[in-house]
1. Just checking, how many residues over the stretch B:197-235 are touching a Leu at 6+ places or on another chain (Cβ under 9 Å) and within 14 Å of chain A (Cβ to nearest Cβ)?
2. Could we say that residue A:74 is of a type outside the set (A, V, I, L, M), surrounded by fewer than 18 Cβ atoms within 10 Å (Cβ to Cβ) and under 19 Å from residue B:181 (Cα atoms) here?
3. Across the stretch B:243-283, which residue is farthest from residue B:352 (Cα to Cα) among those that are without any contact (Cβ under 8 Å) to a residue 40 or more places away in the chain and of a type in the set (A, V, I, L, M, F, W, C)?
4. Could you please give the count of residues in the stretch B:215-227 that are surrounded by fewer than 23 Cβ atoms within 10 Å (Cβ to Cβ) and in a strand (DSSP E or B)?
5. Condition check: within 30 Å of residue A:59 (Cα to Cα), more than 14 Å from chain A (Cβ to nearest Cβ) and buried (at least 20 other Cβ atoms within 10 Å of the Cβ). Does residue B:309 satisfy that?
6. Which condition number does residue B:86 fail, the rest of (1) within 23 Å of residue B:204 (Cβ to Cβ); (2) polar (S, T, N, Q); (3) more than 12 Å from the chain's Cα centre (by Cα) being met?
7. Looking at the stretch B:236-288, which of its residues are acidic (Asp, Glu) and more than 14 Å from chain A (Cβ to nearest Cβ)?
8. Among the strands (runs of 3 or more DSSP E) confined wholly to the stretch B:131-214, which include 3 or more residues that are of a type in the set (Ser, Thr, Tyr) and within 25 Å of the chain's Cα centre (by Cα)?
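The values are calculated or read from the model by the stated rules, or taken from the named source; none is laboratory data. The structure presented is a predicted model; accordingly, all values stated were derived computationally and were not measured. Neighbour counts run over all protein chains shown; Cβ positions are idealised from the backbone, glycine included.
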Amino acid sequence: MATNTQTIKDTVKNYLMTEFLPGEDPNDLTDTTPLVTGGILDSISTFKLVGFLHSKFDVKLNANEIANHLNTLNDITDIVQAKQGVA
Amino acid sequence: MDFNLSEEQQSLREEIIRFARKELNEGVIERDRAQYFPHDLWMKCGEMGLQGLPVPVEYGGSGLDPLTTAIAMEALGYGCEDGGLTFAIAAHLLACVVPVWKHGSEAQKKRYLPGLCNGGLIAVNGITEAASGSDVFSMATTAMATDTGYMLNGSKTFSSNGPVADLALIYASTDAEKGYRGGISAFLVEKNTPGYRSGQRFEKMGLRTCSIGELVLEDVQVPADAMLGEIGTAAVIFAESMAWERICLVACHVGTMERLLEQAINYARTRKTGGQPIGKMQAISHRIADMKIRLEATRLLVYRAASRLGDSWEIDLDAAIAKIHASEALVKTAMDTMQILGGYGFMVDYGVERVLRDAMASTIYSGTSEVQRNIIGRWLGL
């Protein structure tokens, strides 16, 4: 079942804050904050995020999607919705 | 989870053990001493289908699921006393064949997988560099786009099967600024490609029947369709292959540990001191009991991880746990066996010293124990 944009964004943001940015100000993490190129997500945390997206939204990402479509909250929301649309 | 073997799995296990004992063990002491890679035995393993266990049948593989693949590798580790050959097969299958199967184009799969599965082709995984060991993505090897494809330059080291390989899976930087974040790509390079060559071959403490060496790439021009997967996706390809390797390679350790346990029990039941078997002494029986506990715990970790391979990226954590536990358990079990066998264990003819030498590498290759603990720590939010 498709999940609406804001729900995805809020869920992922909450996950990112809890897992990778404990104690940081949530206002600093915007929809366009660079997660990968900004150093918030490294290789291991990226795979943790991918595992989370799978368990939470039932989407499986391929290598290209993992490498190139997880850099911002907007990117993540788009790819989750696109994958749910395909399913 | 039910890890009782099915009839098919039990039959496969017995078949591989029978094959290994009959075909792979004769002359292992001499091969180890001479650091000789047994190409004839490699081909026999290919006929058995060992180099393509999980690959779909349509590409020449056996089409096994990951858990059954691990069970087959465990059987190989149990029956085969040539740890270098076992390692060579595992490195080929898990770090090279699996990526081609999982990420290759249809043309690449048709071109390479049949030969990779039947033993006709030997593959090497080229990622480690002299200046970047565990930090594998800080690589200096580059792939520059050209009119017809890519030009590869650089060198790789500690490449298992490198000196005997027909096909190299080379990881190279296609965008230095991006690094592992979309800047690393993978290429399939055939051994006769101009500019590609095998460099220095290393002498090693263990795994001596597996050839390990350098790979040199000097202006190696490859066509665009030599790229494995899409540009910038190699970090993901590599991570997936490491999950397979950290689970199915260490499945071999389970088999080896079981063989050592049986060797220790047989010795402890027949070797007498003070008129009774040494196994009646708690110093020995407790050590053997600990070996049994270690074996069964390792087997469960490996089976559990293998049963989840392909389901989720959380396998990264399972793989790290299985790998570190199995490799450290193998070292400890080899040392325990040597202690129980005493002076005999130290003698080459008994094979225990060779297993111990081979085992010492297991906490280093495929990510050191320190790297595995880093991964586990990160998954725990540290």
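1. Of the residues in the stretch B:197-235, 3 are touching a Leu at 6+ places or on another chain (Cβ under 9 Å) and within 14 Å of chain A (Cβ to nearest Cβ).
2. Numbers: of a type outside the set (A, V, I, L, M): yes; surrounded by fewer than 18 Cβ atoms within 10 Å (Cβ to Cβ): yes; under 19 Å from residue B:181 (Cα atoms): yes.
Taking the combined requirement at face value, the residue satisfies it.
3. Of everything passing the filter in the stretch B:243-283, B:281 is farthest from residue B:352 (Cα to Cα).
4. Residues in the stretch B:215-227 being surrounded by fewer than 23 Cβ atoms within 10 Å (Cβ to Cβ) and in a strand (DSSP E or B): 5 in total.
5. Criteria not met by residue B:309.
6. (3)
7. Result: B:245, B:258, B:262.
8. B:149-160
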